[in-house]
1. For segment 25-70, which strands (runs of 3 or more DSSP E) that fit wholly inside it have 2 or more residues that are surrounded by fewer than 19 Cβ atoms within 10 Å (Cβ to Cβ)?
2. What pairs can you find where one residue is in segment 1-24 and open to solvent by 80 Å² or more (accessible area, probe 1.4 Å), the other is among the aliphatic types (A, V, I, L, M) and modelled with pLDDT of 90 or more, and their Cβ atoms are less than 9 Å apart, with a gap of 6+ or different chains?
3. Tell me which residues, restricted to segment 86-102, are closer than 15 Å to ARG56 by Cβ and open to solvent by 70 Å² or more (accessible area, probe 1.4 Å).
4. Would you point out the residue of segment 116-139, among those that are hydroxyl-bearing (Ser, Thr, Tyr) and assigned to a strand (DSSP E or B), that is farthest from PHE21 (Cα to Cα)?
5. Out of segment 97-115, which residues are part of a loop (DSSP other than H, G, I, E, B) and out of contact with any Leu (no Cβ under 7 Å at 6 or more places or on another chain)?
6. Please tell me if ASN75 is out of contact with any Ser or Thr (no Cβ under 8 Å at 6 or more places or on another chain) and among the polar types (S, T, N, Q).
Amino acid sequence: HSLIRKSSETSFNEPKGRLIFGNDFESANLDSVDEVTSCSEYDLFIRPDTNNPRYRMWFFFSVRNVRKRQVVTFNIVNFSKGKSLYREGMTPLVKSTVRPTWQRTPSRSCFYYRCPRRRGAHVLTWLHEFDEDAATYHF
């Protein structure tokens with residue numbers, strides 16, 4: 001079943017720590033999610049840009065149902081562009097309902113590369129440790 005749920009949906013039968021993703025808000029572009037490793041690694045697929053279906057260069061989604069101190073690996077596996085600021089050291093931004101200011105993910109935990117397992121597709125991988133379990137996070 002899908003790990004993407006509506007923001008208004010408050011009850012779900014997922015164990016704490018199995019992330020629930022959201023994409024039902026302005027500018028969200030998360031298309032689908034595959035759980036690679038239970039509660040710790042997720043492959044994310046983003047929708048193409050509205051004005052050009054060949055472009056997939058940015059992302060915006062939410063996550064909830066996390067555990068405090070849970071470390072998760074996110075892989076955006078369908079970027080369309082090799083030249084990216086992620087290759088130059090830029091890292092994803094994150095904010096939460098308890099920490100509403102955008103903050104950068106540490107550069108030591110963010111990687112942008114061509115993935116042989118995905119036929120040379122450009123992949124952005126980063127690790128994130130959640131600091132509050134009752135919060136909703138946006139990336």
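1. Details: elements: 30-37, 41-46, 62-64.
Once the strands (runs of 3 or more DSSP E) in segment 25-70 are filtered for at least 2 residues that are surrounded by fewer than 19 Cβ atoms within 10 Å (Cβ to Cβ), what remains is 30-37, 41-46.
2. LYS16/VAL66
3. none
4. The first filter runs over segment 116-139 and keeps only residues hydroxyl-bearing (Ser, Thr, Tyr), leaving 125, 136-137.
With the extra rule that they be assigned to a strand (DSSP E or B), the set shrinks to 125, 137.
Details: THR125: 17, TYR137: 9 Å.
For segment 116-139, the residue satisfying everything is THR125.
5. Once the filter is applied, which keeps residues that are part of a loop (DSSP other than H, G, I, E, B) and out of contact with any Leu (no Cβ under 7 Å at 6 or more places or on another chain), segment 97-115 yields THR97, VAL98, ARG99, PRO100, THR101, THR105, PRO106.
6. Working: out of contact with any Ser or Thr (no Cβ under 8 Å at 6 or more places or on another chain): no; among the polar types (S, T, N, Q): yes.
For ASN75, the condition - out of contact with any Ser or Thr (no Cβ under 8 Å at 6 or more places or on another chain) and among the polar types (S, T, N, Q) - is not met.
This table checks each residue for (1) open to solvent by less than 10 Å² (accessible area, probe 1.4 Å); (2) in contact (Cβ under 8 Å) with a residue 24 or more places away in the chain; (3) within 19 Å of PHE60 (Cα to Cα); (4) in contact with a helix residue (DSSP H, G or I) (Cβ under 7 Å, 6 or more places away or on another chain).
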residue: SER84; (1), (2), (3), (4): no, yes, yes, no
residue: ARG104; (1), (2), (3), (4): no, no, yes, no
residue: GLY120; (1), (2), (3), (4): no, no, no, no
residue: LEU127; (1), (2), (3), (4): no, yes, yes, yes
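The values are calculated or read from the model by the stated rules, or taken from the named source; none is laboratory data. Small disclaimer: the values here were computed from a predicted structure and weren't measured. Counting neighbours? That spans all protein chains shown, and the Cβs are built from the backbone with ideal geometry, glycine included. Please note that ligands, DNA and RNA were not included when accessible areas were found on the heavy atoms of the full protein model with its side chains. Shrake-Rupley method; radii C 1.70, N 1.55, O 1.52, S 1.80 Å.
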